[in-house]
Amino acid sequence: MASKALILLAPGFEDLEAITTIDILRRAKIQVLVASLHNDRVTGARGNTIIPDTNLTLLGSEPVYDAIVLPGGQPGANNLAADKRVIKRLQEQSVANRLIGAICAAPKVLAAAGLLKGRRLTHFPGALSDTEAQGAEVVGEAVVVDGDLVTGRGPGVAIDFALALVEQLADRETRDAVEARLAR
(Lines give C-alpha, C1' and ligand atoms only; values in the text may rest on other atoms or scores of the structure.)
Protein backbone atom coordinates (compact mmCIF):
# COMPACT_ATOMS: atom_id res chain seq x y z
CA MET A 1 0.00 0.00 0.00
CA ALA A 2 1.38 3.40 -1.00
CA SER A 3 2.19 5.96 1.66
CA LYS A 4 -0.09 8.98 1.90
CA ALA A 5 1.17 12.55 2.28
CA LEU A 6 -0.82 15.69 3.02
CA ILE A 7 0.74 18.91 1.73
CA LEU A 8 -0.71 22.05 3.29
CA LEU A 9 -0.69 25.28 1.31
CA ALA A 10 -1.51 28.74 2.62
CA PRO A 11 -1.51 32.00 0.66
CA GLY A 12 2.09 33.07 0.14
CA PHE A 13 3.61 29.56 0.14
CA GLU A 14 7.03 29.18 -1.48
CA ASP A 15 6.16 28.07 -5.00
CA LEU A 16 9.36 26.14 -5.76
CA GLU A 17 9.21 24.15 -2.52
CA ALA A 18 5.55 23.21 -2.89
CA ILE A 19 5.57 22.27 -6.57
CA THR A 20 8.86 20.38 -6.34
CA THR A 21 7.76 18.38 -3.31
CA ILE A 22 4.39 17.50 -4.84
CA ASP A 23 6.10 16.39 -8.07
CA ILE A 24 8.87 14.31 -6.45
CA LEU A 25 6.49 12.52 -4.06
CA ARG A 26 4.15 11.66 -6.94
CA ARG A 27 7.09 10.36 -9.00
CA ALA A 28 7.74 7.99 -6.07
CA LYS A 29 4.11 6.78 -6.27
CA ILE A 30 3.27 8.33 -2.91
CA GLN A 31 -0.38 9.35 -2.68
CA VAL A 32 -0.34 13.14 -2.35
CA LEU A 33 -3.30 15.21 -1.24
CA VAL A 34 -2.81 18.97 -1.57
CA ALA A 35 -5.00 20.99 0.77
CA SER A 36 -5.40 24.75 1.14
CA LEU A 37 -6.64 26.41 4.30
CA HIS A 38 -9.98 27.63 2.94
CA ASN A 39 -10.15 28.30 -0.78
CA ASP A 40 -10.38 26.34 -3.98
CA ARG A 41 -7.29 28.20 -5.25
CA VAL A 42 -4.17 29.29 -3.43
CA THR A 43 -1.48 31.64 -4.73
CA GLY A 44 2.17 31.35 -3.80
CA ALA A 45 4.71 34.03 -2.98
CA ARG A 46 5.91 34.06 -6.62
CA GLY A 47 2.42 34.33 -8.10
CA ASN A 48 1.77 30.72 -9.12
CA THR A 49 -1.80 29.69 -8.40
CA ILE A 50 -2.50 26.07 -7.49
CA ILE A 51 -5.88 24.41 -7.47
CA PRO A 52 -5.63 22.10 -4.45
CA ASP A 53 -7.35 18.73 -4.19
CA THR A 54 -9.34 19.95 -1.18
CA ASN A 55 -9.23 22.38 1.71
CA LEU A 56 -8.99 21.82 5.44
CA THR A 57 -12.63 22.73 5.98
CA LEU A 58 -13.77 19.96 3.62
CA LEU A 59 -11.09 17.54 4.77
CA GLY A 60 -12.25 17.51 8.37
CA SER A 61 -10.17 15.77 11.02
CA GLU A 62 -10.61 12.08 10.17
CA PRO A 63 -7.96 11.17 7.59
CA VAL A 64 -4.60 9.90 8.81
CA TYR A 65 -1.51 10.60 6.71
CA ASP A 66 1.91 9.00 6.83
CA ALA A 67 3.37 12.48 6.35
CA ILE A 68 2.28 16.08 6.65
CA VAL A 69 4.46 18.42 4.62
CA LEU A 70 4.70 22.19 5.00
CA PRO A 71 6.30 24.33 2.29
CA GLY A 72 7.79 27.56 3.57
CA GLY A 73 7.58 30.99 2.09
CA GLN A 74 6.12 34.17 3.48
CA PRO A 75 3.49 34.99 4.37
CA GLY A 76 2.62 31.30 3.79
CA ALA A 77 4.39 29.99 6.89
CA ASN A 78 2.82 32.69 9.07
CA ASN A 79 -0.60 31.86 7.62
CA LEU A 80 -0.14 28.16 8.45
CA ALA A 81 1.10 28.98 11.97
CA ALA A 82 -1.97 31.13 12.63
CA ASP A 83 -4.43 28.34 11.73
CA LYS A 84 -5.52 26.32 14.78
CA ARG A 85 -6.53 23.36 12.60
CA VAL A 86 -3.00 23.11 11.21
CA ILE A 87 -1.50 23.29 14.72
CA LYS A 88 -3.86 20.59 16.02
CA ARG A 89 -3.19 18.29 13.06
CA LEU A 90 0.59 18.68 13.48
CA GLN A 91 0.41 17.97 17.20
CA GLU A 92 -1.63 14.82 16.54
CA GLN A 93 0.83 13.76 13.83
CA SER A 94 3.74 14.22 16.24
CA VAL A 95 2.07 12.32 19.10
CA ALA A 96 1.46 9.42 16.69
CA ASN A 97 5.15 9.50 15.62
CA ARG A 98 4.21 10.04 11.99
CA LEU A 99 6.44 11.98 9.61
CA ILE A 100 6.39 15.78 9.42
CA GLY A 101 8.30 17.71 6.76
CA ALA A 102 8.98 21.44 6.98
CA ILE A 103 11.19 23.47 4.67
CA CYS A 104 12.44 27.07 4.65
CA ALA A 105 10.26 29.19 6.98
CA ALA A 106 7.87 26.31 7.79
CA PRO A 107 9.69 25.28 11.00
CA LYS A 108 8.03 28.47 12.31
CA VAL A 109 4.75 26.51 12.15
CA LEU A 110 6.31 23.69 14.17
CA ALA A 111 7.45 26.23 16.75
CA ALA A 112 3.86 27.54 17.01
CA ALA A 113 2.73 23.94 17.59
CA GLY A 114 5.37 23.45 20.32
CA LEU A 115 7.14 20.68 18.39
CA LEU A 116 10.77 21.87 18.26
CA LYS A 117 12.07 21.24 21.77
CA GLY A 118 14.85 18.66 21.71
CA ARG A 119 14.80 18.42 17.92
CA ARG A 120 17.65 18.87 15.44
CA LEU A 121 16.62 20.92 12.41
CA THR A 122 17.48 23.41 9.73
CA HIS A 123 15.54 26.36 8.33
CA PHE A 124 15.90 29.41 6.12
CA PRO A 125 18.37 31.83 7.76
CA GLY A 126 16.46 34.16 10.08
CA ALA A 127 13.13 32.33 9.72
CA LEU A 128 13.06 31.38 13.40
CA SER A 129 13.69 33.82 16.21
CA ASP A 130 15.87 32.72 19.13
CA THR A 131 12.71 32.40 21.21
CA GLU A 132 10.99 30.18 18.61
CA ALA A 133 14.08 27.97 18.26
CA GLN A 134 14.62 27.66 22.02
CA GLY A 135 15.21 24.05 22.98
CA ALA A 136 16.06 22.99 19.42
CA GLU A 137 19.46 22.36 17.85
CA VAL A 138 19.50 24.48 14.70
CA VAL A 139 22.17 23.54 12.16
CA GLY A 140 23.11 24.99 8.79
CA GLU A 141 22.80 21.75 6.82
CA ALA A 142 20.74 21.58 3.62
CA VAL A 143 18.42 18.82 4.86
CA VAL A 144 18.13 17.30 8.32
CA VAL A 145 16.35 14.08 9.23
CA ASP A 146 15.71 13.77 12.96
CA GLY A 147 13.53 10.72 13.54
CA ASP A 148 10.06 11.57 12.25
CA LEU A 149 11.02 15.16 11.35
CA VAL A 150 12.54 16.20 8.01
CA THR A 151 13.56 19.84 7.57
CA GLY A 152 15.09 21.70 4.66
CA ARG A 153 16.98 24.98 4.50
CA GLY A 154 15.21 26.69 1.60
CA PRO A 155 14.08 26.65 -2.03
CA GLY A 156 17.54 25.73 -3.31
CA VAL A 157 17.34 22.33 -1.61
CA ALA A 158 13.73 21.51 -2.50
CA ILE A 159 14.68 18.43 -4.54
CA ASP A 160 16.91 17.09 -1.76
CA PHE A 161 14.20 17.76 0.82
CA ALA A 162 11.59 15.93 -1.26
CA LEU A 163 13.96 13.01 -1.87
CA ALA A 164 14.59 12.74 1.89
CA LEU A 165 10.81 12.52 2.37
CA VAL A 166 10.64 9.77 -0.27
CA GLU A 167 13.34 7.82 1.55
CA GLN A 168 11.45 8.10 4.83
CA LEU A 169 8.07 7.21 3.31
CA ALA A 170 9.29 4.45 0.98
CA ASP A 171 12.94 3.38 1.09
CA ARG A 172 16.40 4.21 -0.20
CA GLU A 173 15.88 2.19 -3.36
CA THR A 174 12.81 4.24 -4.30
CA ARG A 175 14.65 7.47 -3.56
CA ASP A 176 17.59 6.40 -5.72
CA ALA A 177 15.28 5.37 -8.58
CA VAL A 178 13.44 8.71 -8.51
CA GLU A 179 16.69 10.65 -8.30
CA ALA A 180 18.24 8.71 -11.20
CA ARG A 181 15.30 9.68 -13.42
CA LEU A 182 15.95 13.36 -12.64
CA ALA A 183 19.34 13.16 -14.41
CA ARG A 184 21.03 15.53 -11.97
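The values are calculated or read from the model by the stated rules, or taken from the named source; none is laboratory data. These figures come from a predicted structure and were not determined experimentally. Backbone-built Cβ (ideal geometry, glycine too); neighbour counts: all protein chains shown.
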*asked:* Tell me which helices (runs of 4 or more DSSP H) are completely within the stretch 77-184 and hold 3 or more residues being at pLDDT 95 or above and either buried (at least 22 other Cβ atoms within 10 Å of the Cβ) or not polar (S, T, N, Q) (or both), or say none if there are none.
replied: 84-95, 107-112, 158-169, 172-181
_I need the full set of residues from the stretch 13-24 which are surrounded by fewer than 22 Cβ atoms within 10 Å (Cβ to Cβ) and not in a helix (DSSP H, G or I), in order please._
none
*Any residue at all in the stretch 25-39 that is more than 15 Å from the chain's Cα centre (by Cα) and closer than 19 Å to Val109 by Cα?*
yes
*asked:* Arg27 - would you say it is touching a residue at least 60 places away in the same chain (Cβ under 8 Å), surrounded by fewer than 22 Cβ atoms within 10 Å (Cβ to Cβ) and of a type in the set (Lys, Arg)?
replied: yes
*In the stretch 54-68, which residues are more than 16 Å from the chain's Cα centre (by Cα), assigned to a loop (DSSP other than H, G, I, E, B) and under 25 Å from Thr151 (Cα atoms)?*
Ser61, Pro63
*Only residues in the stretch 127-155 that are in contact (Cβ under 8 Å) with a residue 40 or more places away in the chain count as the first member; pair them with residues that are in a helix (DSSP H, G or I) and among the charged types (D, E, K, R), Cβ under 6 angstrom, at least 6 apart or cross-chain, and list the lot.*
Ala127/Lys108; Pro155/Glu17
*Consider Thr43 carefully, then state whether it is in contact with a Leu (Cβ under 7 Å, 6 or more places away or on another chain) and touching a residue at least 12 places away in the same chain (Cβ under 8 Å).*
no
